[in-house]
Amino acid sequence: MNTMGAVRSYPRARGIILVLIAATSWGVSGTVAQYLFHQQGFGSSWLVVVRLLLAGMGLLFYSHTVGKQNIWTIWKSKQDIFRLVAFGIIGMLGVQYTFFAAIEHGNAATATVLQYLAPVIIALYICFLARSLPVKHEVLAIVLALGGTFLLVTKGNIHSLSISGPAFYWGILSAFALAFYTLFPVKLLSKWGTTLTVGWGMMVGGIVMCFIHPPWRFEGHWSFTSFLAVAFVVIVGTLIAFLCFMESLKYIKASEASLLASIEPLSAAFLAVVWLQVAFSPIEWVGAFSIIATIFILSAVKR
């Protein structure tokens, strides 16, 4: 059977395959980052600055060559400059650093699942703006998110944490950073497009991070394997994943793409358990699925 021919014949199938590739690449890159932190001695700060700078340059090059965009016009409006700088520092750098710090202090599975509390935070923020109480679906999502988080970080034992305090702290911060990253750049995205906005956001975040941790201040053990791991995080887990996700939106709805992307934490958890032997108890799996279920529930709520 000609699989590629079938995919070309059915655009929807192509969109689904593209978003699944993107989500799996994101999930796997988190586990690869854990390998670099825990087994190769790399620091999260170094990996963040390198990822942002290289991926940012890659996206801007893509915008210029493939998208035929003038990548400098975004800097002509003072209002857009303010938005772009805020997005790059608080949104892009914020979400990247907090996520990798959560992995460094804990593991990729827990960090990715905790980051997926962002949709609940967004729903609560929308309720606040609308000055309305959450509807039934949102209440259920909030309860599942809180219950899932409790099970994930305590294994059901209220007297102890199953993960370190810093891992939990950075994981929760990454959820808030992802919520900001999702909500804030709406006007930039509508005016300049996703690739150009995200590319410059990465560059701004990477340049700011250079003052905190220059890319030449390296920690860790370089080997052929660690080089491949860094290349995977930057190229596959960032550039290819992002471009696949954006390409998928040509064939399926954004809401469908977001739902399908929820396999990201599952792929991260599965690979962490199988490859890095991360202990994940049945109670933690219940907590993880409870948090992921909130995405499906919130997608049914029309705001």
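The values are calculated or read from the model by the stated rules, or taken from the named source; none is laboratory data. Just so you know, these numbers come straight off a predicted model, no measurement behind them. A quick note on method: Cβ atoms are made from the backbone with ideal geometry, for glycine too, and the neighbour counts reach across all protein chains shown.
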(request) Identify, by number, the condition in (1) modelled with pLDDT under 95; (2) closer than 16 Å to Gln96 by Cβ that Leu188 doesn't meet. (result) (2)
(message) Just to be sure before I move on: is Arg51 within 15 Å of the chain's Cα centre (by Cα) and charged (D, E, K, R) in the structure I sent?
(response) yes
(request) May I ask you to list the residues in segment 204-235 that are surrounded by 19 or more Cβ atoms within 10 Å (Cβ to Cβ) and β-branched (Val, Ile, Thr)? (result) Val204, Val230, Val233, Val234
(message) Please pick out the residue among Phe99, Phe37 that is over 16 Å from the mean Cα position of the chain (by Cα) and surrounded by 20 or more Cβ atoms within 10 Å (Cβ to Cβ).
(response) Phe37
(request) Filter segment 54-93 down to the residues that are within 24 Å of the chain's Cα centre (by Cα) and among the aromatic types (Phe, Trp, Tyr), then identify the one that is surrounded by the most Cβ atoms within 10 Å (Cβ to Cβ). (result) Phe87
(message) It is to be established whether one or more residues within segment 152-163 are small (Gly, Ala, Ser), part of a helix (DSSP H, G or I) and either surrounded by fewer than 22 Cβ atoms within 10 Å (Cβ to Cβ) or modelled with pLDDT under 90 (or both).
(response) no
(message) Please go through segment 277-303 and give me each residue that is surrounded by fewer than 17 Cβ atoms within 10 Å (Cβ to Cβ), at pLDDT below 85 and within 19 Å of the chain's Cα centre (by Cα), ordered by number.
(response) Phe296, Ser299
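Please return the ranges of helices (runs of 4 or more DSSP H) entirely within segment 1-109 where 1 or more residues are acidic (Asp, Glu), closer than 26 Å to Pro215 by Cα and touching a residue at least 12 places away in the same chain (Cβ under 8 Å). Steps first, please.
Working: elements: 3-9, 11-39, 44-65, 78-86, 94-105.
Helices (runs of 4 or more DSSP H) meeting the threshold: 94-105.
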(request) Kindly check whether there is at least one residue in segment 128-150 that is touching an Asp or Glu at 6+ places or on another chain (Cβ under 9 Å), touching a residue at least 40 places away in the same chain (Cβ under 8 Å), farther than 21 Å from Leu271 by Cα and part of a helix (DSSP H, G or I). (result) no
